[in-house]
Amino acid sequence: MSKPARRLMPAPIRRLRGLIWKESLQIMRDPSSILIAFIIPLTLLMLFGYGVSFNISKTRVGVAIEKNSPEATDFLHALQGSRYFEVHYSSDPRALEAQLVAGQIRGLVVVPVNFSELLLKPNSVAPIQVITDGSEPNTASFVENYVQGAWSNWQVQRGLTHPSPTPGKSASSGLGGLVTAQPKVWFNQQIESRDSLLPGAIPIIVTLVGTLLTTLVVAREWDRGTMEALISTPVSITEILISKFIPYFFLGMGTMYFCVFILTVWFHVPLRGSLPVVSLAAALYLLNALGIGLWISSATKNQFAASQAALLSAFLPAFLLSGYLYEISSMPHWVQFITTLLPARYFVTSLRTIFLAGDIWSLLIPNFVAMLIIAAFLYLLISTKTVKRLD
């Protein structure tokens, strides 16, 4: 732009343009900004992608058969053939109980002495016992469910190959019956926890850029004294906030695109929706994340205090209460109410919908509206609390 053209621009526009350019140069020259925007996100994605998984594979379980029989041996072989279990066999339950106490196995399946007799009785109680390690509730639940599934499948297979010999009676009375369940999984057909975890990790990463980085940069200006010099100029507080907002908004969007690229190209996470809708969801969430950062910066002028406030008010709630790791419906009702005030909850839900199901607007629009409402409240709070003065 030529100098005469710049002189024709209104003074507020010229000041804002200069502030945005200054802030952009500061981002490019600051190694910590690049570290937080790209290196830490890459590290977190690799950690979540390779180090965190809710899939059960080769869980160590013990199987104790108190009395050998063809049925008991056949059931043992069925468990040994499962890709979910690493079976430790013994005829003495007490030896396996000691391994369970020591943490060497995660569950114990006991096949009793009267296994064959109970198996052939109509309407008999399930003739196996499953003991799990309750010190790890998730693993215990998985072991119980998978053993129950293996037991049901084994019964069905035996029922199909050995139908009930009594005419007029269903084979289900003793050996599982001829009625079989055919499970079908939607949206995540392979039931890969990675396909659900990694899209949910993007809000955690964007929070680092949007809230933590913005808060630290503003607090650093107070520490260095540059904010006092800026306040002494004709620049308004609105121009200062906008100049902080715009560069970090585009930096946050760049981080989001970088994460989507890693997810789809490196980890092969399916993106069934469209990139423009992902961009819209990220833009709405960045309005909230940057708003929280600017609000914290207006309340504290110390980098350490600002970083702690950002972690407690944005990062930890996004990590723990957004539904990323824990189902919100399983939380206490008062905690569920708190999650409705967190924009990360709506962003996590939106991204999982877009990645796994597609652009389902009936699900996305309520989340987008909720993020807009929270952002409007945040910027109203910032406008009332942020003033141009040193005290």
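None of the figures in this text is laboratory data; all of them are computed from the coordinates on show. Given the structure is predicted, the values throughout are model-derived calculations rather than measurements. Ideal geometry is used to build each Cβ from the backbone, glycine not excepted, and the neighbour counts take in all protein chains shown.
Listing for the model above:
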quantity	calculated
Zone of residue 145's modelled label, taken as backbone nitrogen in region 344-365 under 11 Å from a point 7 Å along Cα→Cβ	none
Under 5 Å, built H, 5+ apart or other chain: amide partners of residue 60	86, 106
Estimated inter-spin distance, residue 113 and residue 257, nm [label 7 Å along Cα→Cβ]	7.3 nm
Per-residue ³J(HN,Hα) for region 147-153, Karplus 6.51 cos²θ - 1.76 cosθ + 1.60, θ = phi - 60°, Hz, x for Gly and Pro	5, 4, x, 5, 5, 5, 4
In nm, spacing of pseudo-spin labels at residue 129 and residue 362 (7 Å Cα→C-beta vector)	4.9 nm
Taking 233, 339 and counting other C-beta atoms within 10 Å, the order from fewest to most	233, 339
Residue 47/residue 384 FRET efficiency (R0 56 Å; Cβ-Cβ; nearest 0.05)	0.90
Amide H partners (placed H, <5 Å) of residue 301, local residues excluded	none
3J(HN,Hα) from dihedral phi, region 255-272, Karplus parametrisation 6.51/-1.76/1.60, rounded to Hz, x for glycine, proline	4, 5, 5, 4, 5, 4, 4, 5, 5, 7, 8, 7, 9, 6, 6, x, 10, 7
Relative exposure of 67, 301, judged by other C-beta atoms within 10 Å (fewest first)	67, 301
D (Stokes-Einstein, µm²/s), Kirkwood Cα radius, region 251-391, 0.890 mPa s at 25 °C	150 µm²/s
